[in-house]
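In what follows, a structure is listed as structure tokens, so that the remarks can point back to it.
Readers should treat all values here as calculations from the given coordinates under stated rules, not as data from a laboratory. For clarity, every value in this text was computed on a predicted model and none was experimentally measured. Reconstructed Cβ throughout: ideal geometry from the backbone, glycine too, with neighbour counts over all protein chains shown.
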Amino acid sequence: MPSGRRKNEYIVCELTKLRRLVKALPAAECRRLLPLCQEIASWARRQHRLVQAAQEAVNQYQLDIKYLRFDLEATRRERDALRQERESER
């Protein structure tokens, strides 16, 4: 099974094939199954958007943590420098 963006493209392709097969059925079956195909396609789009939003949130979280670590290290360096300065004044 493909992953990431390719997985979404794969699902879209498979849903398109399914819709084409359903449309080739006799009219009664087509009318009964086509709404289900549309519902599945809608669900797949929602799931894709949710996964994208979650991935963006994780990426932003990771970036925020990098900035916080940088700030923490800078604060520690400043603290240590001030301590040394105070100790050398004594």
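General remarks:
- Simple label model, 7 Å out from Cα along Cβ direction - K7 to I40, nm: 1.8 nm
- Phi to ³J(HN,Hα) by Karplus 6.51 cos²θ - 1.76 cosθ + 1.60 over the stretch 13-25, Hz, x for Gly, Pro: 4, 5, 5, 5, 4, 4, 4, 5, 5, 5, 5, 7, 6
- Dipole magnitude of the chain, debye to nearest 20 (Cβ charges: Lys/Arg +1, Asp/Glu -1, about Cα centre): 720 debye
- Within the set [x] 60, 10, 4; [y] 19, 14, 11; [z] 34, 14, 10, the number that semi-axes √(5λ) of the Cα gyration tensor in Å takes when calculated for this structure is listed as [x].
- Here the stretch 41-79 is scanned for amide nitrogen atoms under 15 Å from the site 7 Å beyond the Cα of E89 along Cα-to-Cβ, giving 79.
- For C30, net neighbour charge (Lys/Arg +1, Asp/Glu -1) across residues whose Cβ lies under 14 Å away: +4
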